[in-house]
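**Q** One structure is given below, represented as structure tokens, and several questions about it will come after.
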There are 2 protein chains.
Amino acid sequence: MKDRIPEALINDVVSLSPTNQLVLVHGGGDVVTEMATRLGKEQRFVVSPEGVRSRYTDKETAEIYQMVMSGLLAKRLVLALGKAGVRGISLSGADGRLMQAKRKTRLVIVDERGRKVAIDGGYTGRVKEVNSSLIDLLLSHGYLPVVSPVATSEAGEPLNVDGDRAASSVAVGSSADAVVFLTNVEGLKLDGGLVRQCRAESKKR
Amino acid sequence: MKDRIPEALINDVVSLSPTNQLVLVHGGGDVVTEMATRLGKEQRFVVSPEGVRSRYTDKETAEIYQMVMSGLLAKRLVLALGKAGVRGISLSGADGRLMQAKRKTRLVIVDERGRKVAIDGGYTGRVKEVNSSLIDLLLSHGYLPVVSPVATSEAGEPLNVDGDRAASSVAVGSSADAVVFLTNVEGLKLDGGLVRQCRAESKKR
């Protein structure tokens, strides 16, 4: 757990935040995989017919995913922001019912023999509803929301959701000037200044 | 990670929350120990001259402590509250600079031979400053803050702080009607209705 937030990223946020209402949405799937492995929970990955590789999120994985995203990576961001004088607040989809999602009932994947098969969807979801008023409340009081890509199912379970989709969902409803998505592909895990950075979902106001 | 929040506890909070502004502060050190052990980070405990046994929190332990407290236990509480219609928001001391603490430079402990010795204080602290306005902001908008016993040092590091002291600190400055401390001694770890429960720091308004 030696990975730290690149200073350049924090500097960017610090320079933008006095004049812009920003929301950060982070990834960090590689750190989830590393921690899950250390916990003895080997991660399984599946491939879609379009060739997209993704984590297969069973129930235990969903809770580990939430723990690492919200309790480790989001807090590192908030602590780094805090040192730079920015008052970040980390939120997952559970907090204040920020992101409700519909659990995917089935996933279509390509098996070892190259055949399409449908499997149980596990604990992944698609964001359906965002509590934008919470984001707006925090923004209007000078806080910078740091959102983890974890939503809540109808049954109150944590769900793995795509970070870029989470960012879009948050961007649509809120009054933020920009929602910055920190990619999980060589994103948070870097020591140096390597960050791939930062897709801003630009907003019409 | 099969431990769940006792239903009786959630029912109590649900019945109180419409007419009271509540804040929950949770413990859960036993779950931290369990997860740290699974991660291959054996926990060390020390005993004070008064006979109080406590976790020795080195740097890596502090981050695991924060991860489990904020990313696992606080989220379980928030998810359970959400299912019951209560909009919890989990916060650690880092979020919105909720709790700043002074790191203890030295700890006096009793060694194996029964002698008092002073050792480096590690990553534990004493809460010095609480951002009560954040608590009050959330309360006044119908959210129920769920606070983890993690504070931030002057240098921006996560610190292990006593849950009961964290609860007192939050109680003193905020407009909450009650700050409920969920003990970590057979607290959150229970399956049944066993919860030891709930010391309310009663408030003068």
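The values are calculated or read from the model by the stated rules, or taken from the named source; none is laboratory data. From a predicted model like this one, the values you see are computed outputs, not experimental measurements. Ideal geometry is used to build each Cβ from the backbone, glycine not excepted, and the neighbour counts take in all protein chains shown. These accessible areas exclude ligands, DNA and RNA; they are computed on the full protein's heavy atoms, side chains included. Shrake-Rupley method; radii C 1.70, N 1.55, O 1.52, S 1.80 Å.
**Q** Take the residues of segment A:66-99 that are of a type in the set (A, V, I, L, M) and in a loop (DSSP other than H, G, I, E, B): which is nearest to the other protein chains (Cβ to nearest Cβ)?
**A** Taking the candidates together, the pick is A:ALA94.
Listed here are the residues, each with its yes/no results for (1) acidic (Asp, Glu); (2) open to solvent by less than 50 Å² (accessible area, probe 1.4 Å); (3) in contact (Cβ under 8 Å) with a residue 40 or more places away in the chain.
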{"position": "B:ILE10", "(1), (2), (3)": "no, yes, yes"}
{"position": "B:VAL23", "(1), (2), (3)": "no, yes, yes"}
{"position": "B:GLY29", "(1), (2), (3)": "no, yes, yes"}
{"position": "B:THR33", "(1), (2), (3)": "no, yes, no"}
{"position": "B:ARG55", "(1), (2), (3)": "no, yes, yes"}
{"position": "B:LYS75", "(1), (2), (3)": "no, yes, no"}
{"position": "B:GLY93", "(1), (2), (3)": "no, yes, yes"}
{"position": "B:ARG113", "(1), (2), (3)": "no, no, no"}
{"position": "B:LYS116", "(1), (2), (3)": "no, no, yes"}
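**Q** So which residues in segment A:95-111 are open to solvent by 70 Å² or more (accessible area, probe 1.4 Å) and farther than 20 Å from A:GLU63 by Cα?
**A** Within segment A:95-111, A:VAL108 is the sole residue that qualifies.
**Q** Of the residues A:GLY51, A:GLY40, which single one is open to solvent by 10 Å² or more (accessible area, probe 1.4 Å), farther than 21 Å from A:ARG103 by Cα and facing chain B (nearest Cβ under 10 Å)?
**A** A:GLY40
**Q** Turning to a different aspect of this structure: Could you tell me which numbered condition A:GLY125 fails, if it satisfies all but one of (1) open to solvent by 40 Å² or more (accessible area, probe 1.4 Å); (2) more than 26 Å from A:PRO6 (Cα to Cα); (3) not aliphatic (A, V, I, L, M)?
**A** Checking A:GLY125 against (1) open to solvent by 40 Å² or more (accessible area, probe 1.4 Å); (2) more than 26 Å from A:PRO6 (Cα to Cα); (3) not aliphatic (A, V, I, L, M), the one that fails is (1).
**Q** Right, another one. When residues of segment B:32-65 are filtered for being in contact with a helix residue (DSSP H, G or I) (Cβ under 9 Å, 6 or more places away or on another chain) and either among the aliphatic types (A, V, I, L, M) or in a loop (DSSP other than H, G, I, E, B) (or both), how many remain?
**A** Residues flagged as in contact with a helix residue (DSSP H, G or I) (Cβ under 9 Å, 6 or more places away or on another chain) and either among the aliphatic types (A, V, I, L, M) or in a loop (DSSP other than H, G, I, E, B) (or both) within segment B:32-65 amount to 10.
**Q** Restricting attention to segment B:170-184, which residues are part of a helix (DSSP H, G or I) and closer than 21 Å to A:GLY71 by Cβ?
**A** Listed by number, the list holds a single entry, B:VAL170.
**Q** Pairs under 7 Å by beta carbon, first residue at pLDDT below 85 in segment B:162-186, partner part of a helix (DSSP H, G or I), six or more apart or different chains?
**A** Every condition considered, the pairs that remain are B:ASN184/B:GLY29; B:ASN184/B:ASP30; B:ASN184/B:GLY163.
**Q** If you don't mind, another one. Identify, from the list B:ARG126, B:ARG165, the residue that is assigned to a helix (DSSP H, G or I) and basic (Lys, Arg).
**A** Just one listed residue meets the conditions, B:ARG165.
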